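This report refers to the structure that appears directly beneath it.
The values are calculated or read from the model by the stated rules, or taken from the named source; none is laboratory data. Predicted model, so just to flag it, every value in this text is computed and none were measured. When we count neighbours, we look across all protein chains shown, and the Cβ atoms used for this are built from the backbone with ideal geometry, even at glycine.
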Amino acid sequence: MTTKEINRRIDEIYIDTIKAYRMESSKAEADDWRKHFHAYPPAHLAKAIERWQATTEIDPYFNRPRGALFPRIADLLALLEKIGKEVTPPTKFKSCGRCNRDGWIFVEIRDSFGQPARGARRCECYREWARSRGVILAA
Ligand SMILES: [Zn+2]
């Protein structure tokens, strides 16, 4: 899945969730969802929302089942972490051949003094593999 496809899927899930709670969508909130959830498989996000909606624990402030309240990003992130651990397949990463066995591609860069230096970035195949396992990559 490309970043664009992931974002489109997150937008769809956001809109479905907004509708389910009969709320108004907001561009800022949709952007927040993209920002926080793009590192997770969209299928996990959909599952996190289903689980949230099934939460019957009473919210002490609103005195209503938590699942009846629109989920906060933090609520969904907590569920995504759980789901990621449950469904992570025990498959080992396999390089596409352009990167090394840990998914790194080494590139020539310039350091802060303008001198040639060796840099590394994660290969797209590694990012894809990590994403499928629900892992977030910092870089
Ligand atoms: Zn690769």
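Among the residues of the range 1-14, those that are touching a helix residue (DSSP H, G or I) at 6+ places or on another chain (Cβ under 8 Å) and at pLDDT 95 or above comprise R9, I10, D11, I13, Y14.
Filtering R8, R22, R98, R72 for residues that are basic (K, R) and closer than 30 Å to G119 by Cα leaves a single hit, R98. Tell me, yes or no, whether the range 64-73 has at least one residue that is in the same structural domain as I18 (by TED's automatic domain parsing) and β-branched (V, I, T). Checking the range 64-73: at least one residue is in the same structural domain as I18 (by TED's automatic domain parsing) and β-branched (V, I, T).
Looking only at residues that are more than 25 Å from F37 (Cα to Cα) and assigned to a loop (DSSP other than H, G, I, E, B) in the range 101-118, which one is nearest to the ligand (Cβ to nearest atom)? Restricting to residues being more than 25 Å from F37 (Cα to Cα) and assigned to a loop (DSSP other than H, G, I, E, B), the top hit is R101.
For every residue, the table says whether it meets (1) under 21 Å from T2 (Cα atoms); (2) of a type in the set (A, V, I, L, M, F, W, C); (3) assigned to a strand (DSSP E or B).
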residue: F70; (1), (2), (3): no, yes, no
residue: D75; (1), (2), (3): no, no, no
residue: L79; (1), (2), (3): no, yes, no
residue: A120; (1), (2), (3): no, yes, yes
residue: Y126; (1), (2), (3): yes, no, no
residue: V135; (1), (2), (3): yes, yes, no
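The C-beta contact set for the range 1-12 (first residue over 16 Å from D32 (Cβ atoms) and of a type outside the set (K, R), second residue modelled with pLDDT under 95 and outside any helix (DSSP H, G or I), distance under 9 angstrom, 6+ apart or interchain) comprises M1/P41; T3/H38.
Screening A43 with (1) more than 21 Å from L137 (Cβ to Cβ); (2) under 11 Å from the mean Cα position of the chain (by Cα) gives one miss only, at (1). Considering only residues that are touching a helix residue (DSSP H, G or I) at 6+ places or on another chain (Cβ under 8 Å), over 16 Å from E81 (Cβ atoms) and not aliphatic (A, V, I, L, M), look in the range 43-61 and name the one that is surrounded by the most Cβ atoms within 10 Å (Cβ to Cβ). The qualifying residue surrounded by the most Cβ atoms within 10 Å (Cβ to Cβ) is Q53. Being surrounded by 10 or more Cβ atoms within 10 Å (Cβ to Cβ) and at positive phi, is that true of even one residue in the range 96-107? Looking through the range 96-107, at least one residue is surrounded by 10 or more Cβ atoms within 10 Å (Cβ to Cβ) and at positive phi. The residue list R133, R121, R98 contains one member that is near the ligand (Cβ under 9 Å from one of its atoms) and outside the structural domain of L80 (by TED's automatic domain parsing), which is R98.
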